[in-house]
Amino acid sequence: MGGTRPGVLAGLSRGAGPADSGAGAGPAAVAVAAVAPTGMAVCARLCGVGPSRGCRRRQQRRDPAETAAADSEPDTDLEEERIEAGAAELCSEWSGRSSSPSPPPRCSLLELPPELLVEIFASLPGTDLPSLAQVCTKFCRILHNDTIWRRRCREEYGVCENLRKLEITGVSCRDVYAKLLHRYRHILGLWQPDIGPYGGLLNVVVDGLFIIGWMYLPPHDPHVDDPMRFKPLFRIHLMERKSATVECMYGHRGPHNGHIQIVKKDEFSTKCNQTEHHRMSGGRQEEFRTWLREEWGRTLEDIFHEHMQELILMKFIYTSQYDNCLTYRRIYLPPSHPDDLIRPGLFKGTYGSHGLEIVMLSFHGKHARVTKITGDPNIPAGQQTVEIDLLHRIQLPNVENLCNFNELSRIVLEAQEQVRQEQQQQEGRTEDSEGSGPPTEVREPGNEGAAALKEEPVQFVLPVGVSSRNENYPRTCRMCFYGTGLIAGHGFTSPERTPGVFILFDEDRFGFIWLELKSFSLYSRVQATFRNADAPSPQAFEEMLKNIQSLTS
């Protein structure tokens, strides 16, 4: 009667992968989707195989006690009768028969033509198909059809390649789904490597018939508006029927043997098994020169700032010791809301001698936060580099007065004092609120996003004495808010938040003036689309922010 589960389907755990039911599925597909979770017995009954409540052989074997026990479960029987009747009606409709109102003709899914069953099964999530393979030998045989698995690869993982060319290597679409895509589905998305204070941004994607881990790098300093750079760190592919192959792509001598281990939920590690492929014939000096050209787009002789040279050499020594043997922790893109000032997401920012770094802008009620995805020895990755108070707008003076740094400083310090007084009043109300009636309502920001787009741009210029790595900043802005920026000594010593000004230029650019440092950071949006990167809930995103911050606190 029932066939055993195909070997390649054994690796598919029910309900553990993407659950895209497919667009345009017919009524029969809906019936199968409703049947699958109810268990094998109902499936068998619909197919006309195995024991059922109306089966004569089962009734003959029943004694009076069994019959009474079966009749004592009306809920289950009614549900099964409903499913049987619905499936019979659908089968009758699709086979061109006219259904009589009483009694409905019994019909089996097994009577449907194989090509229709292929279409139905191809509309179900791949993780539900192993259960169908256990129903009967016909279903098991139909599920060997690669049309089903080609569609699951396309709809669940976006594989748009011509999978028919796999026939040359003897690898089926079912193999690709079960041994590559489904097996490594947990590492798709955005990740932050644990490289001490430096962090990073890794995007693991399905790329053709490969799964590739791309390390995203900011453009060369100080060209913040240039597109991101990226290089592959590892790739996974299926060249034979046995199992997927993991290759390390680090270095300049081509792919070589690597290993990936999923440590726990939202964490995995990579290991290179042939680190000699990372070495260069010219030794460490040649490796450093090559790394410097890739990281900074220049030679050490071109960098005249001595402190900057020290920081660059320190980063090379620190990061090269990992040899692509790293642990990665999942990060999510921030959720968005129509009232957000601008669309949240990833940005590139200028950080003085440290060069360009990747940050994440997110909104949290009356505040916005800028969190470092990459970092430096002063403010490491994961820390909140800038916080914006959306309740305290700052009206900048005209351009002539704005050029005077003392005038800007006066305005910002007044805003700081106002925030301090309001915090003290709020703390006092909190202490006296017990038994004194409802608390005073605090105004929340609302419709700031729409307002920002309608604001007439005003002229903007940096005050005299404020340094900027990029002089090509916008000369008009939309809004300004009071904010604080995090500064610290080397090794994240004595961190403190200092006042500053958040400047919104447009939908894709903003800036921050660090009052105490007399410096300006310009941020430009990362123009890239990331799949599998959305947080499952706002709570999950907040928890992620806490986790990456705690690693470097």
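Taking Cβ atoms as reference points and 10 Å as the exclusive limit, the residues near VAL461 contribute a net charge of 0, counting Lys and Arg as +1 and Asp and Glu as -1.
So which of LYS179/LYS315; LYS366/LYS518; LYS231/LYS518; LYS138/LYS265; LYS179/LYS372 end up more than 30 Å apart by C-alpha? From the list (LYS179/LYS315; LYS366/LYS518; LYS231/LYS518; LYS138/LYS265; LYS179/LYS372), the Cα-Cα distance tops 30 Å for LYS179/LYS315; LYS231/LYS518; LYS138/LYS265; LYS179/LYS372. Amide H to amide H distances under 5 Å link PHE230 with LEU217, where only residues 5 or more positions off or on other chains count and H is placed in the peptide plane. Within the shell defined by Cβ-Cβ distances under 11 Å, the residues around ARG497 carry a net charge of -3, with Lys and Arg each +1 and Asp and Glu each -1.
Using a probe of 1.4 Å, the accessible surface attributed to ILE262 totals some 80 Å² when neighbouring protein chains are kept in position.
The order of MET314, MET215 by accessible area, most exposed first and with a 1.4 Å probe, is MET314, MET215. Once backbone amide H atoms are built at 1.01 Å from N, CYS325 has CYS272 as its partners under 5 Å, excluding neighbours fewer than 5 places away on the same chain. Close amide H pairs (under 5 Å, H built 1.01 Å from N) link GLY158 with no residue at least 5 positions away or on another chain. Using the Stokes-Einstein relation with a Kirkwood hydrodynamic radius computed over Cα pairs, the translational diffusion coefficient of region 144-257 at 20 °C and a viscosity of 1.002 mPa s comes to 137 µm²/s.
The values are calculated or read from the model by the stated rules, or taken from the named source; none is laboratory data. Everything numeric here is computed off the predicted structure, so don't read it as measured data. Using ideal geometry, Cβ is built from the backbone for each residue, glycine included, and neighbour counts are taken over all protein chains shown. All accessible areas refer to the heavy atoms of the entire protein, side chains included, with ligands and DNA or RNA removed. Shrake-Rupley method; radii C 1.70, N 1.55, O 1.52, S 1.80 Å.
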